[in-house]
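J.: Before I ask anything, let me first share the structure, which is written out below as structure tokens.
Rule-based calculations on the coordinates, nothing more; no lab input. Predicted model only: the values in this text are computed from it and were never measured. Neighbour counts are summed over all protein chains in view; Cβ atoms, including those assigned to glycine, are modelled from backbone coordinates with ideal geometry.
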Amino acid sequence: MALRTPTRNASYDDDNRLSIDVLNSVLIAIFKWGIMPTEAVTFEVSPDLLAALKLGAIDLGRHIRLIAAISYFQEKKLSLGKAAQLAGMNRLAFMDSLAKKGIIVFDYDESMVEGELEGISALSMLNL
């Protein structure tokens with residue numbers, strides 16, 4: 001096992017584990033500044049496939065992220081915000097991408113729309 005070199009205030013114990021103090025600092029930074037650790041997902045693509053798609057590897061990766069985000073959003077596995085995060089976009093840009101593909105962002109059934117319209121009518125009567 002290769003030993004890592006401590007950086008800044010980091011130190012490693014005999015088993016080469018990062019000290020608790022450093023981990024606590026990382027957790028505080030995550031909560032304080034909203035910094036979230038990330039995982040990398042990689043896969044191999046042959047150059048001829050990239051050529052057939054007329055895409056570079058980076059563009060293909062972006063496209064796959066968007067497709068996955070849209071799919072998980074449509075399956076209701078991810079919220080709009082989380083799907084946008086997966087796509088690497090803000091919510092408005094993701095909503096725009098959905099609209100360009102003809103995907104409905106807000107899926108209300110008829111009873112929900114009627115309830116909303118009744119609420120709007122009631123509010124407009126109060127403001128007269």
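J.: What does the C-alpha gyration tensor say about the overall shape of the range 46-128? Classify as rounded when a/c is under 1.5, otherwise prolate if a/b is larger than b/c, or oblate.
T.: Because a/c hits 1.5 or more and a/b exceeds b/c, the range 46-128 counts as prolate.
J.: Here is a further query. Tally Lys/Arg at +1 and Asp/Glu at -1 over every other residue whose Cβ is under 14 Å from the Cβ of K82; what's the total?
T.: +3
J.: Ranked highest first by the average count of other Cβ atoms within 10 Å around their residues, in what order do 90-96, 69-75, 114-120 fall?
T.: By packing density, highest mean first, the sequence is 69-75, 90-96, 114-120.
J.: Can you list the HN-Hα couplings for the range 47-56, worked out from phi with the Karplus curve (6.51, -1.76, 1.60; θ = phi - 60°), rounded to whole Hz and with x for Gly and Pro?
T.: Using θ = phi - 60°, the values come out as x, 5, 5, 4, 5, 5, 7, 6, 9, x Hz.
J.: Based on the mean of other Cβ atoms within 10 Å per residue, sort peptides 47-57, 76-86 so the most packed one is first.
T.: Taking the mean over residues of other Cβ atoms within 10 Å, the ranking is 76-86, 47-57.
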